[in-house]
1. Is it the case that residue 35 is touching a helix residue (DSSP H, G or I) at 6+ places or on another chain (Cβ under 7 Å), at pLDDT below 85 and not in a helix (DSSP H, G or I)?
2. What about residue 224, is it over 16 Å from the mean Cα position of the chain (by Cα) and modelled with pLDDT under 80?
3. Restricting attention to segment 156-165, does a residue exist that is free of Cβ contacts under 8 Å to residues at least 24 places away in the same chain, farther than 15 Å from residue 195 by Cα and in a helix (DSSP H, G or I)?
4. Residue by residue through segment 101-128, note down the ones that are part of a helix (DSSP H, G or I) and surrounded by fewer than 16 Cβ atoms within 10 Å (Cβ to Cβ).
5. Counting only residues that are modelled with pLDDT under 85 and assigned to a helix (DSSP H, G or I), how many does segment 129-142 have?
6. Which residues, taken from segment 171-197, are outside any loop (DSSP other than H, G, I, E, B), without any contact (Cβ under 8 Å) to a residue 60 or more places away in the chain and touching a helix residue (DSSP H, G or I) at 6+ places or on another chain (Cβ under 7 Å)?
7. If we scan segment 83-100, do we find a residue that is outside any helix (DSSP H, G or I), within 22 Å of residue 210 (Cβ to Cβ) and more than 16 Å from the chain's Cα centre (by Cα)?
8. How many residues, within segment 144-200, are surrounded by fewer than 16 Cβ atoms within 10 Å (Cβ to Cβ) and over 30 Å from residue 114 (Cα atoms)?
């Protein structure tokens, strides 16, 4: 019985059920005792792996970053004056070309994220799960951020650099900065493009993961396996 109650609490905390739904489902589960703690933990892991897979696929497709206003990477804000001045000088097309290649670089790097996410999810303990369950609606995403950001950043930095070189973003950026630095009386700039692109790429990935987490919580259609359906059906 304690196992059933633990499993039930796990579901309710993760899905944000109402008191009425809890009371109704409590009666059903006390009668059937159909879910085990292991099933619920497995269901949570499966949901996170599904969310990570969907998110990385979405980010790494052509125009996954560039075509999504929520995660599109803009000209580095720390040197916004460079973009402003170059557009004033009629070089807006060059700026746009750089932004396009910058985002394509992030899309290329996003392909490396899923295995890191999956390793973190598989290593989740029951204690980790309780931390997620007692947290906010994006608690699972926050968990992944805490567990994977250092590894992702270490993995992404060389990939981002390679991707930016491959898409010519580095060249375009250097040309833009060099052009700007030749303007009389301006303060010279030379920010780290690789670091900026890495941070924004990771931020975009986690934005998509959070959206997928919300979708799985709220949308029965998003539960595409029997385990997900079984674990999350109690909230409906």
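1. Details: touching a helix residue (DSSP H, G or I) at 6+ places or on another chain (Cβ under 7 Å): yes; at pLDDT below 85: yes; not in a helix (DSSP H, G or I): yes.
So residue 35 passes the test.
2. Values: over 16 Å from the mean Cα position of the chain (by Cα): yes; modelled with pLDDT under 80: yes.
Judged against the criteria, residue 224 is a match.
3. No; the residues of segment 156-165 include none that is free of Cβ contacts under 8 Å to residues at least 24 places away in the same chain, farther than 15 Å from residue 195 by Cα and in a helix (DSSP H, G or I).
4. So in segment 101-128, the residues part of a helix (DSSP H, G or I) come out as 101-110, 113-122, 126-128.
Result: 115, 119, 122, 126, 127.
5. Within segment 129-142, the first condition is being modelled with pLDDT under 85, and the residues that meet it are 129-140.
With the extra rule that they be assigned to a helix (DSSP H, G or I), the set shrinks to 129-133, 139-140.
Qualifying residue count, segment 129-142: 7.
6. Going through segment 171-197, the residues outside any loop (DSSP other than H, G, I, E, B) turn out to be 171-181, 193-197.
Those left that are additionally without any contact (Cβ under 8 Å) to a residue 60 or more places away in the chain: 171, 174, 178, 181, 194-195.
Within segment 171-197, just 194 meets the criteria.
7. To start, the set of residues in segment 83-100 that are outside any helix (DSSP H, G or I) comprises 89-91.
Subsequent filtering for residues that are within 22 Å of residue 210 (Cβ to Cβ) retains none.
Within segment 83-100 (the criterion being outside any helix (DSSP H, G or I), within 22 Å of residue 210 (Cβ to Cβ) and more than 16 Å from the chain's Cα centre (by Cα)), the answer is no, since none of the residues qualifies.
8. Of the residues in that region, 14 qualify.
The values are calculated or read from the model by the stated rules, or taken from the named source; none is laboratory data. Keep in mind that this is a model prediction, so the values were computed, not measured. Positions of Cβ are generated from backbone atoms using ideal geometry, with glycine treated the same way; all protein chains shown enter the neighbour counts.
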